[in-house]
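The values are calculated or read from the model by the stated rules, or taken from the named source; none is laboratory data. Worth saying up front: this structure is predicted, and the values here are computed from it rather than measured. All Cβ positions, even for glycine, are placed from backbone atoms using ideal geometry, and neighbour counts span all protein chains on display.
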Amino acid sequence: MPAAQFDTTTSKSFPQRGMIRQTIEQELEQLRSQDADPRSTFADRWLNDRGLLVDDGTFEVAKAAHFAFFTKGNNYPAVVQFERDLIQMALSLFHAQNDANGAVTSGGSESLFLATAAALANAKERRPDITRPEIVVPQTGYPTFEKYERYFGYTLRRVPVDANFRANVSAMSEAVNENTVMMLASMPSWSHGVCDPVRELAEIADKHGIWLHVDACVGGFLAPFVRELGRDVPDFDFRVPGVSSISADFHKYGYSGKGVSGVFYRNRDIARHQPFVFDTWAAGLYRSPVLTGTRNGGAVASAWAVMRY
């Protein structure tokens, strides 16, 4: 990407004087001109015949909702309602039962982080004898698990995939041992766009009492509708016994503005491991359902509006 043409020296330190609005707008426009059309969100990976991922109507609905709430956070009743509605819409799409629960996050990485944290907490409660938990992930699984290995201190086992780049069921089964607390399936994998055999992996997880997370950040809001078109889409949601949690990004094929994902749990018993509560703070009760504290209401409103459009 070419460097910006205007002088950026003043941006390297705090400005001594403010610029006039017109100058700022000109610089913003010059920078924006170097970017792709915002409707082609995935940088030309998956586009329609117009070169755009999102149609004009959807784009305008998302943009209007975002700007209507961009100054508000998750402490506003409207934004709280948006999040509740998004969770319920996603849970119904994923065929969850009444006891299911979930949370709105800032992106797929945070959704995976929270699912991993919940799985580890669940294992610590149920299997206190495990001192070095292990997580089994296909080679094509998202790389955040290496990042979280450093944060959480678990042992990550990457397992070779089969000739079609899908999770190798027998190899995944062989990688499971007495310290395994979590397995991953991708729906689909980011690198190859193919779906792991979730049902077969769920059988392994169910047999050994292991948490299976389905990373549907790409396909969660796409696969159900591809199936309606008559395409063969493998089962991946809560209809499959053994699936503990699912992550899905509203800002991918949910077509919302950036910064909205969701993590969803089969039941409230395992979902309770996610929220953080601190009740001895000098300022009173501190409770956060997700990793971030303040969340931008614009992105959440954008997702809510597009889901209903």
Filter result for the condition that a residue is buried (at least 21 other Cβ atoms within 10 Å of the Cβ), in a loop (DSSP other than H, G, I, E, B) and not aliphatic (A, V, I, L, M), over 131, 140:
140
Could you grab the pairs with beta carbons closer than 8 Å, sequence gap of 6+ or different chains, first residue in the stretch 199-211 and within 15 Å of residue 246 (Cα to Cα), second one assigned to a helix (DSSP H, G or I) and among the β-branched types (Val, Ile, Thr)?
201/169; 210/204; 211/270
Could you count how many residues in the stretch 258-303 are under 19 Å from residue 246 (Cα atoms), of a type in the set (Lys, Arg) and outside any helix (DSSP H, G or I)?
2
Does the stretch 98-105 include one or more residues that are part of a loop (DSSP other than H, G, I, E, B), modelled with pLDDT of 95 or more and crowded, with 20+ Cβ neighbours inside 10 Å?
yes
Just to be sure I understand the filter: pairs with C-beta atoms under 8 Å, separated by 6 or more residues or on different chains, first member in the stretch 107-125 and in contact (Cβ under 8 Å) with a residue 60 or more places away in the chain and outside any helix (DSSP H, G or I), second member crowded, with 24+ Cβ neighbours inside 10 Å and hydrophobic (A, V, I, L, M, F, W, C). Which pairs pass?
107/260
Considering the stretch 165-190 alone, what residues qualify as being part of a loop (DSSP other than H, G, I, E, B) and farther than 16 Å from residue 155 by Cα?
165, 166, 168, 187, 188, 189, 190
Suppose we filter the stretch 196-217 for residues that are of a type in the set (A, V, I, L, M, F, W, C) and surrounded by fewer than 22 Cβ atoms within 10 Å (Cβ to Cβ); how many remain?
1
With respect to residue 244, is the statement that it is closer than 28 Å to residue 209 by Cβ, surrounded by 12 or more Cβ atoms within 10 Å (Cβ to Cβ) and touching a residue at least 24 places away in the same chain (Cβ under 8 Å) true?
yes
